[in-house]
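The values are calculated or read from the model by the stated rules, or taken from the named source; none is laboratory data. Predicted model, so just to flag it, every value in this text is computed and none were measured. Ideal geometry is used to build each Cβ from the backbone, glycine not excepted, and the neighbour counts take in all protein chains shown. Only protein heavy atoms, including side chains, enter the accessible area calculation; ligands, DNA and RNA are left aside. Shrake-Rupley method; radii C 1.70, N 1.55, O 1.52, S 1.80 Å.
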Amino acid sequence: MDTLTPPIQARGLRKSFRGRLRVDDVGLTVGPGRIVGLLGPNGAGKTTTIRMLLGLAAPDSGEALVDGRPFRDLAAPARTVGAVLDAGGLHPARTARQHLRIAAARAGEDATRVAEALDEVGMSDAADRRIGSYSLGMRQRTALATALLARPGILVLDEPANGLDPAGMHWLRRRLRSFADAGGAVLLSSHLLADVQAIADDVVVIAGGRVAAETSLQEALTASGGDLEGYYLRLTEPRTEVR
Ligand SMILES: Nc1ncnc2c1ncn2[C@@H]1O[C@H](COP(=O)(O)OP(=O)(O)O)[C@@H](O)[C@H]1O
Ligand SMILES: [Mg+2]
């Protein structure tokens, strides 16, 4: 990754489902060392945007670039970007260690790295229990360990705070901060302002498929006179048509 290429860059992304425009001209940039929160109400288009960045959905138009390329053109995807999309989707009959070993085989990593990744998310002790017996927070940690397995410099996390208790949130914040302090870039989504406020440096507010604001958290606080919640609600409230 050279210094001129942003780790994540989306420009003019559009996506329709069944004739309805759900992501409309979305652009965002995540620089190295930054944690960017993609914030918006349910149905705003966060997951669709993230899926386009990860090559899981094709944009109708626009560009979704990771390390300067569309995901499908990455030479070593797992070493470039780690993703957590749906921690609930882990196979319940497997243990975390089994899950990571399968992912490791795919990414060309060994058992030593599996043990390290489990340790990095505080899951060493529970690693040989079945995922079906885990709390949602433990599943989130397992999913994050999978994302970290091949030591990517970029993380993309869809609603990673879901199911985390306060201790889990504290842990996630510190984990992502140390990742960013080491030069990593993080894009995470949330429908909850508090999650983004606790974790992110910058925020992209999305509502009805459009970017309503792209700002640092500090600027948003200043612009709102400290009332971040009011600011967020004003940006995301459904527009009433004036005729
Ligand atoms: N595969 C799909 N088929 C049809 N509609 C979809 C599909 N994926 C998302 N949508 C619709 O697109 C909109 C944005 O969804 P999504 O990106 O999941 O929002 P968010 O993650 O912000 O809650 C919603 O109205 C959702 O119903
Ligand atoms: Mg979503």
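As a calculated quantity, the FRET efficiency between D128 and A194 at R0 = 35 Å, using C-beta atoms, amounts to about 0.55. Taking every alpha-carbon pair within segment 66-209, the share separated by more than 27 Å comes to 19 percent.
Principal semi-axes of the equivalent ellipsoid, √(5λ) from the alpha carbon gyration tensor of segment 107-177, are 19, 16, 10 Å from largest down. The mean of 1/r over all pairs of different alpha-carbon atoms in the chain, once inverted, gives a Kirkwood hydrodynamic radius of 18.4 Å. Take every pair of alpha-carbon atoms less than 8 Å apart whose residues are at least six positions apart; their mean separation over the length of segment 101-209 yields a relative contact order of 23 percent. Per-residue 3J(HN,Hα) values for segment 33-46, derived from phi via the Karplus relation 6.51 cos²θ - 1.76 cosθ + 1.60 with θ = phi - 60°, read x, 10, 10, 10, x, 9, 10, x, x, 4, x, 6, x, 5 Hz in sequence order (x marks Gly and Pro). Of the solvent-accessible surface of segment 93-154, computed with a 1.4 Å probe over protein heavy atoms with every protein chain present, carbon and sulfur atoms account for 46 percent. Over the chain, accessible surface divided per residue gives 49 Å², non-protein components excluded, 1.4 Å probe.
Near the amide H of L65, within less than 5 Å, lie the amide hydrogens of Q9, A10, R11, all on another chain or at least 5 residues away, with H placed in the peptide plane. Counted over the chain, the DSSP beta bridges are approximately 55% antiparallel.
In order along segment 219-234, the phi-based Karplus estimate (6.51 cos²θ - 1.76 cosθ + 1.60, θ = phi - 60°) of 3J(HN,Hα) comes to 5, 5, 5, 5, 5, 9, x, x, 8, 4, 5, x, 4, 5, 5, 4 Hz; Gly and Pro are listed as x.
Between R94 and Q218, the FRET efficiency estimated from the beta carbon spacing at R0 = 51 angstrom works out to 0.75. What the Cβ-Cβ distance of R69 and R14 gives, at R0 = 22 Å and to the nearest 0.05, is a FRET efficiency of 0.65.
In this simple spin-label model, placing a label point 7 Å from the Cα along the Cα-to-Cβ direction at both D86 and E116 gives a separation of 3.1 nm. Couplings 3J(HN,Hα) of segment 110-117, computed from phi: 10, 5, 4, 5, 4, 4, 4, 4 Hz, in residue order, whole Hz [Karplus 6.51 cos²θ - 1.76 cosθ + 1.60, θ = phi - 60°; x for Gly and Pro].
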